[in-house]
Amino acid sequence: MTVDIGATRLRRLRRTPALRNLVRETRLDPSMLVAPLFVRPGRGVREPIGSMPGVARWSADRGADEAARLADLGVGGIILFGLPDSKDALGSEASADDGIVQETFRRIRELDLPLVTIADTCLCEYTDHGHCGPLAADGSVDNEAALERLAATAVSQARAGADIVAPSAMMDGQVAALRSALDAAGFGQTAIMAYASKHASAFYGPFREAVDSTPAFGDRRGYQMDPANGREALREMDLDIAEGADLLLIKPAITALDLIAAARARFNLPIAAYQVSGEFAMLAAASERGWLDGRRAMLEAVTAIARAGAGIVITYAAADIAGWLREDR
Ligand code: PBG
C-alpha cells in the first residue's frame, strides 16, 4: 500500500544532534534557576533531609558556603527558608533581626556573590501551631494580624540584605502590605515576588518535614487555593499586580503548566514557577529505585516548566542541573 503523505517531513530536522540543537525551542540556563536553602541555628551543620535526597538544612556559616558554591555554578539565585530556635503563636522569630534567615543573608552579603538573594516571607515555619499567620478566636488565620507580621518580617529580611521578598502566606492584601511597609522603611528598591497562584497542594509534604511546619490542626485550605481553580488563580495574579508585585510566582509547577502558560500570555511581568518538594521527591525516589533516569526526567520536567512560560524556575535540583548543563556543553 502506498499512501501519498505529501512533501512535509518533520523528521528532516530531527535527523542529527546538530539539527536538533539548532531548532530547539527551549534552552535552560543556570542563571534562570533559583535554589531553595534551608537554614537552622548552629555552626558547621549540614543535616540531610530524608525525603529530599541531596537537600540539607544548613547552619548560617555552611549555608553561606553553599550559596558561594551555587554562585560558582552560575545559579541565578537562592531563596532562604528558616527553622528557628523557638516557635510561638505569632511567629516572632520570623521578623527578628538576629533570626536565622537574617543572619544567613548578612553572611551571604559579606561574600558579595553574583547571586540574587530571595526571602520566603511567611510565618508557618515560625508559629507553634504551624499556620501562616496569627490565629483569630475561632481558630482561623487572622488576615489583618498576619499582614502586620508579614510586613515586619519582610522589612527585617530587606534590612539583612534580601534583594527580593516573596510573600507565600496567601493572605489577602499581602503584596500591598509589604510594598507600603518596605517603602516606609526606606527599602523602595526591594522587589516583591508574589506567590500569586499557590494551590493547597499535597506536593508540599516533604517541605513540611524539612521545616517542621505541618499545621498542628486543620489544613491550609482556608487561605491557599483549591487546586481545581484556574480562573481564581488569574484573579490572584491580577490583584497582586495591582498591589505592586514585581514578579509573579506560580506553585506547584508541573500541576499548573496551564496557569504558567496563561500568565505568560496575559502579563508582561517576569513569571517564575516553583518545582516544589513533592515534585522533586517523586523524581528522586523513582530514580533511586532505577524506575526512571533521574537526570533525563529532571531536565525534561524543568524544560517543560520553562516551555510553558516560566523564565525563572525555583528547583531543589538547581545545582545538579547547572552541573549537567555545563557537562552537556
Ligand atoms: C510557606 C511555604 C511552603 C512552601 C513554600 N513556602 C509550605 C506550605 O505552604 O505549606 C512549599 C515549598 C515546597 O514544597 O517545596 N508557606
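Considering (1) in a strand (DSSP E or B); (2) away from the ligand (no atom under 16 Å from the Cβ); (3) among the hydrophobic types (A, V, I, L, M, F, W, C), say which one residue 108 fails and leave the rest.
Every listed condition holds for residue 108 apart from (1).
Restrict the check to region 228-244 and report whether at least one residue is of a type in the set (A, V, I, L, M, F, W, C), under 17 Å from the mean Cα position of the chain (by Cα), within 12 Å of the ligand (Cβ to nearest atom) and at negative phi.
Checking region 228-244: not a single residue is of a type in the set (A, V, I, L, M, F, W, C), under 17 Å from the mean Cα position of the chain (by Cα), within 12 Å of the ligand (Cβ to nearest atom) and at negative phi.
So which residues in region 111-135 are assigned to a strand (DSSP E or B), more than 22 Å from residue 76 (Cα to Cα) and within 15 Å of the ligand (Cβ to nearest atom)?
Pass one, region 111-135, residues assigned to a strand (DSSP E or B): 116-121, 127, 135.
Of the ones still in play, those that are also more than 22 Å from residue 76 (Cα to Cα) are 127, 135.
Hit for region 111-135 is 127, nothing else.
Is it true that residue 253 is within 16 Å of the ligand (Cβ to nearest atom), open to solvent by less than 10 Å² (accessible area, probe 1.4 Å) and modelled with pLDDT of 95 or more?
Numbers: within 16 Å of the ligand (Cβ to nearest atom): yes; open to solvent by less than 10 Å² (accessible area, probe 1.4 Å): yes; modelled with pLDDT of 95 or more: yes.
For residue 253, the condition - within 16 Å of the ligand (Cβ to nearest atom), open to solvent by less than 10 Å² (accessible area, probe 1.4 Å) and modelled with pLDDT of 95 or more - is met.
Please verify whether residue 211 is in contact with a helix residue (DSSP H, G or I) (Cβ under 8 Å, 6 or more places away or on another chain), closer than 30 Å to residue 189 by Cβ and surrounded by 19 or more Cβ atoms within 10 Å (Cβ to Cβ), treating the condition exactly as stated. If you could, list the steps in order and put the result at the bottom.
Working: in contact with a helix residue (DSSP H, G or I) (Cβ under 8 Å, 6 or more places away or on another chain): no; closer than 30 Å to residue 189 by Cβ: yes; surrounded by 19 or more Cβ atoms within 10 Å (Cβ to Cβ): yes.
The answer is no for residue 211.
Evaluate the following for residue 148: is it without any contact (Cβ under 8 Å) to a residue 60 or more places away in the chain, open to solvent by 10 Å² or more (accessible area, probe 1.4 Å), within 18 Å of residue 273 (Cβ to Cβ) and among the charged types (D, E, K, R)? Steps first, answer last, please.
Numbers: without any contact (Cβ under 8 Å) to a residue 60 or more places away in the chain: yes; open to solvent by 10 Å² or more (accessible area, probe 1.4 Å): yes; within 18 Å of residue 273 (Cβ to Cβ): no; among the charged types (D, E, K, R): yes.
Against the criterion (without any contact (Cβ under 8 Å) to a residue 60 or more places away in the chain, open to solvent by 10 Å² or more (accessible area, probe 1.4 Å), within 18 Å of residue 273 (Cβ to Cβ) and among the charged types (D, E, K, R)), residue 148 does not qualify.
List pairs: first in region 193-210 and more than 12 Å from residue 279 (Cβ to Cβ), second open to solvent by 40 Å² or more (accessible area, probe 1.4 Å) and within 10 Å of the ligand (Cβ to nearest atom), Cβ under 9 Å, 6+ apart or cross-chain?
Within 9 Å, the pairs are 200/219; 208/214.
Name the residues in region 53-88 that are open to solvent by less than 50 Å² (accessible area, probe 1.4 Å), farther than 19 Å from residue 324 by Cα and not charged (D, E, K, R), would you?
If the condition is that a residue be open to solvent by less than 50 Å² (accessible area, probe 1.4 Å), farther than 19 Å from residue 324 by Cα and not charged (D, E, K, R), then 56, 58, 59, 60, 63, 64, 79, 80, 81, 82, 83, 84 are the ones that fit.
Test of understanding: among 200, 169, which residue is open to solvent by less than 10 Å² (accessible area, probe 1.4 Å) and either within 15 Å of the ligand (Cβ to nearest atom) or over 26 Å from residue 226 (Cβ atoms) (or both)? First the steps, then the outcome.
Numbers: 200 fails: open to solvent by less than 10 Å² (accessible area, probe 1.4 Å).
169 is the lone residue from the list that is open to solvent by less than 10 Å² (accessible area, probe 1.4 Å) and either within 15 Å of the ligand (Cβ to nearest atom) or over 26 Å from residue 226 (Cβ atoms) (or both).
Only one residue in 121, 127 is in contact with a Leu (Cβ under 9 Å, 6 or more places away or on another chain), under 21 Å from residue 249 (Cβ atoms) and hydroxyl-bearing (Ser, Thr, Tyr). Which one? Reasoning before the result, please.
Values: 127 fails: under 21 Å from residue 249 (Cβ atoms).
It is 121.
Sort out which residues of region 279-299 are charged (D, E, K, R) and closer than 19 Å to residue 250 by Cβ, and write them in order of number.
We begin by selecting, within region 279-299, every residue charged (D, E, K, R); these are 279, 288-289, 293, 295-296.
Scanning region 279-299 gives a single hit, 279.
From the list 139, 130, which one is over 20 Å from residue 43 (Cα atoms), in contact (Cβ under 8 Å) with a residue 40 or more places away in the chain and in contact with a helix residue (DSSP H, G or I) (Cβ under 9 Å, 6 or more places away or on another chain)? It would help to see each step written out before you state the result.
On the way: 139 fails: in contact with a helix residue (DSSP H, G or I) (Cβ under 9 Å, 6 or more places away or on another chain).
One residue alone meets the criteria, 130.
In the set 246, 240, which member is touching a residue at least 60 places away in the same chain (Cβ under 8 Å), open to solvent by 30 Å² or more (accessible area, probe 1.4 Å) and under 24 Å from residue 180 (Cβ atoms)?
Details: 240 fails: open to solvent by 30 Å² or more (accessible area, probe 1.4 Å).
Going through 246, 240 in turn, just one is touching a residue at least 60 places away in the same chain (Cβ under 8 Å), open to solvent by 30 Å² or more (accessible area, probe 1.4 Å) and under 24 Å from residue 180 (Cβ atoms): 246.
Report yes if some residue within region 298-310 is in contact with a Leu (Cβ under 9 Å, 6 or more places away or on another chain), under 23 Å from residue 207 (Cβ atoms) and without any contact (Cβ under 8 Å) to a residue 40 or more places away in the chain; otherwise report no.
So far as region 298-310 goes, yes, one or more of its residues are in contact with a Leu (Cβ under 9 Å, 6 or more places away or on another chain), under 23 Å from residue 207 (Cβ atoms) and without any contact (Cβ under 8 Å) to a residue 40 or more places away in the chain.
Select from region 24-46 the residues that are more than 30 Å from residue 212 (Cβ to Cβ) and surrounded by fewer than 10 Cβ atoms within 10 Å (Cβ to Cβ) and write down the one among them that is farthest from the chain's Cα centre (by Cα).
Pass one, region 24-46, residues more than 30 Å from residue 212 (Cβ to Cβ): 24-32.
Subsequent filtering for residues that are surrounded by fewer than 10 Cβ atoms within 10 Å (Cβ to Cβ) retains 24-25.
Working: 24: 26, 25: 24 Å.
My answer is 24.
Table: residues versus (1) more than 16 Å from the ligand (Cβ to nearest atom); (2) over 18 Å from residue 237 (Cβ atoms).
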{"position": "258", "(1), (2)": "yes, no"}
{"position": "263", "(1), (2)": "yes, no"}
{"position": "271", "(1), (2)": "yes, no"}
{"position": "280", "(1), (2)": "no, yes"}
{"position": "283", "(1), (2)": "no, yes"}
{"position": "286", "(1), (2)": "yes, yes"}
{"position": "293", "(1), (2)": "yes, yes"}
{"position": "299", "(1), (2)": "yes, yes"}
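The values are calculated or read from the model by the stated rules, or taken from the named source; none is laboratory data. Keep in mind that this is a model prediction, so the values were computed, not measured. Reconstructed Cβ throughout: ideal geometry from the backbone, glycine too, with neighbour counts over all protein chains shown. For the accessible areas, the whole protein counts, side chains as well, though only heavy atoms, and no ligand, DNA or RNA atoms are used. Shrake-Rupley method; radii C 1.70, N 1.55, O 1.52, S 1.80 Å.
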